[in-house]
Amino acid sequence: MNKMPAEKLFQVYMDLISQRESEEIYRLNEPVGEGIMKHTHIAKGIELVYSELESYSPNYQAEKKKVDGLEIMYIVDGHGEFELLNRQFASGEKGDVMIFNCKTGVKKAMLGKSGMNCISIILFTDDTISFLNDFLGTNEFSRSDFFNDIRKSDSAVSFPCSELLEKLFLEIIRLPSVYSKYTVKLAVVHSIILLIQKFRDKDSCDVRVKTDSQDSYFSGSTGRKVQNVRRIINSNLENEISIEELAGKVNLNRTTLQKVFKEMYGLTVNEYRTKARLQLAKNLLASTELSITEIAGRCGYANASKFSEVFKKNEGLLPKDWRK
């Protein structure tokens, strides 16, 4: 398959708020949880998801069980505890790698107070093996040595990340550059190969490399401040908080906030706020009997006329027509 079954694993359970080339950004909705997921198609059989989760409920386990594959998760920040359907538990902290096979369902996810940021590489076994052999010009990769023990396991694997592997994961979420889509693909492939080797040779991940302190990653303090701005926006959609006020709340200057927010989410601060407000409006239109004026107020618009103008510009219909 060329993509994840996105209709099941993403679009049914989440709201698409931005799309460009092979990258999609989703906002979780109830009952899945609260947060953002950025989905990037890497290659046939390989999908990349960067998540900032405040709460999470794994509602699509039945769909995952229909495929033969793995989810490799690196925890960038925070921690998570996972109760599996077979009553086993798995947990990971910042800097840990967790690997889940698609046959072992997760019943419940419990995140830390500040949530959890993580990178997930999702692999579909046969397609990934075929891609690796084609990409590297070999026939060396096969089902017999492709995380075979983990794919048969009834639990999840958790272990501290090596320095080399951590550098590769952070390269995946590095601020975009001209050739970022290529460096991301190479980092993902390199990570997969290192992990395959780790489970062939238990000592292989003892390799140490010096990290480059000059690299700029949005997993650092500036990135976390920008993530807090997103949370402030989502919690105050009814209020018109200026960019200067948002920057002040997280102790950033306006220029840095605008630049890094756009690089992280693919939208300006105001574009993101408009998308989030319109998604809230659609939820209210679909699930309540509130008047257009009441919905406009809850979504931060001073009057129904302005709300209707923005709604039609973005959705192609007036709110009352969309509700019908």
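The values are calculated or read from the model by the stated rules, or taken from the named source; none is laboratory data. Keep in mind that what you see is a predicted model, and the values were worked out from it rather than measured. With ideal geometry, Cβ positions are generated from the backbone for all residues, glycine too; neighbour counts draw on all protein chains shown.
So, of the residues in segment 46-71 that are more than 14 Å from the chain's Cα centre (by Cα) and at pLDDT 80 or above, which turns out to be surrounded by the most Cβ atoms within 10 Å (Cβ to Cβ)? Ranking the qualifying residues of segment 46-71, first place goes to L70.
Looking at K282, K262, K306, K249, which is the one that is within 22 Å of the chain's Cα centre (by Cα) and not assigned by TED's automatic domain parsing to the domain that holds L170? Show your work before the answer.
Numbers: K282 fails: within 22 Å of the chain's Cα centre (by Cα); K306 fails: within 22 Å of the chain's Cα centre (by Cα); K249 fails: within 22 Å of the chain's Cα centre (by Cα).
Sole residue among the options that is within 22 Å of the chain's Cα centre (by Cα) and not assigned by TED's automatic domain parsing to the domain that holds L170: K262.
Does segment 212-229 contain at least one residue that is in contact with an Asp or Glu (Cβ under 9 Å, 6 or more places away or on another chain), in a helix (DSSP H, G or I) and modelled with pLDDT of 90 or more? Checking segment 212-229: not a single residue is in contact with an Asp or Glu (Cβ under 9 Å, 6 or more places away or on another chain), in a helix (DSSP H, G or I) and modelled with pLDDT of 90 or more.
Filtering segment 146-162 to residues that are loosely packed, with under 14 Cβ neighbours inside 10 Å and charged (D, E, K, R) leaves D149, K152, D154.
Rundown of residues vs (1) surrounded by 14 or more Cβ atoms within 10 Å (Cβ to Cβ); (2) modelled with pLDDT of 90 or more, yes/no style:
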residue	(1), (2)
T104	yes, no
M110	yes, no
I119	yes, yes
F124	yes, yes
S144	no, no
P176	yes, no
Y179	no, no
V189	yes, yes
I192	yes, yes
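Within segment 221-236, the residues that satisfy the criterion of being of a type outside the set (K, R) and buried (at least 17 other Cβ atoms within 10 Å of the Cβ) are T222, G223, V226, Q227, V229, I233, N234. Taking each residue of segment 172-183 that is under 14 Å from Y50 (Cβ atoms) and in the same structural domain as E263 (by TED's automatic domain parsing) and looking for partners that are modelled with pLDDT under 85 and surrounded by 15 or more Cβ atoms within 10 Å (Cβ to Cβ) with beta-carbon atoms closer than 8 Å, six or more apart or interchain, yields nothing.
Please find, among F141, F131, the residue that is in contact with a strand residue (DSSP E or B) (Cβ under 7 Å, 6 or more places away or on another chain), aromatic (F, W, Y) and in the same structural domain as K94 (by TED's automatic domain parsing).
Values: F141 fails: in contact with a strand residue (DSSP E or B) (Cβ under 7 Å, 6 or more places away or on another chain).
Testing whether each residue is in contact with a strand residue (DSSP E or B) (Cβ under 7 Å, 6 or more places away or on another chain), aromatic (F, W, Y) and in the same structural domain as K94 (by TED's automatic domain parsing) leaves just F131.
Against the criterion of being among the small types (G, A, S) and within 25 Å of S162 (Cβ to Cβ), G35 does not qualify.
Scanning for something surrounded by fewer than 21 Cβ atoms within 10 Å (Cβ to Cβ), within 18 Å of the chain's Cα centre (by Cα) and charged (D, E, K, R), does segment 72-92 turn up at least one residue?
Let us first name the residues in segment 72-92 that are surrounded by fewer than 21 Cβ atoms within 10 Å (Cβ to Cβ), namely 77-79, 81, 83-91.
With the extra rule that they be within 18 Å of the chain's Cα centre (by Cα), the set shrinks to 77-79, 81.
Subsequent filtering for residues that are charged (D, E, K, R) retains 77, 81.
Yes: segment 72-92 contains one or more residues that are surrounded by fewer than 21 Cβ atoms within 10 Å (Cβ to Cβ), within 18 Å of the chain's Cα centre (by Cα) and charged (D, E, K, R).
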